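Structure record follows, encoded as structure tokens.
The values are calculated or read from the model by the stated rules, or taken from the named source; none is laboratory data. Not measured: the values here are computed from a predicted model. For neighbour counting, all protein chains shown are included, and Cβ atoms are generated from backbone atoms with ideal geometry for every residue, glycine included.
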Amino acid sequence: MKTLQQTYHPSLRSGKTLVQLFADWCQSQEKNRIGWLGIIIASHGCFITPVTLVTIVLSGNSIFYWMMAMGAIVMCLVTNLAALPAKITIPVFFLSILIDLVVITGCFAAGFNSSLF
């Protein structure tokens, strides 16, 4: 059983947790920081935030959801415009995606206003 576990989880043999492995990966992405900046700003500004805002509008314009969506994009913009290292910007990006997914899920749970169609 021990050999199966070691071959199945080769990255966990060093005794590091998944959070530590993610932090190490983020640290290794420092050389690609400018690429990550472009990916984060383009994906948030052109895809993730517009989809989130459309779902908010169609579900009734809750101010709570608006604030969460604005907070998600602002925290990505602030970390990137402040030129913070990739070990900070990448986890903030994934956290903002999680916030947007929570907002979209909440909007689906609240239901859509059919009079707008």
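Computed values, structure above
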quantity: Long-range neighbours under 6 Å by Cβ, at least six apart or interchain, first residue more than 14 Å from residue 72 (Cα to Cα) within the range 30-51, second among the aliphatic types (A, V, I, L, M) and in a helix (DSSP H, G or I); calculated: 30/86; 33/86; 36/86
quantity: Residue among 69, 23, 42, 83 that alone is in a helix (DSSP H, G or I), surrounded by fewer than 12 Cβ atoms within 10 Å (Cβ to Cβ) and either out of contact with any strand residue (DSSP E or B) (no Cβ under 6 Å at 6 or more places or on another chain) or β-branched (Val, Ile, Thr) (or both); calculated: 42
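Let's see how each residue does on (1) within 18 Å of residue 23 (Cα to Cα); (2) modelled with pLDDT of 95 or more:
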| residue | (1), (2) |
| --- | --- |
| 43 | no, no |
| 62 | no, no |
| 67 | no, yes |
| 81 | no, no |
| 84 | yes, no |
| 88 | yes, no |
| 97 | yes, yes |
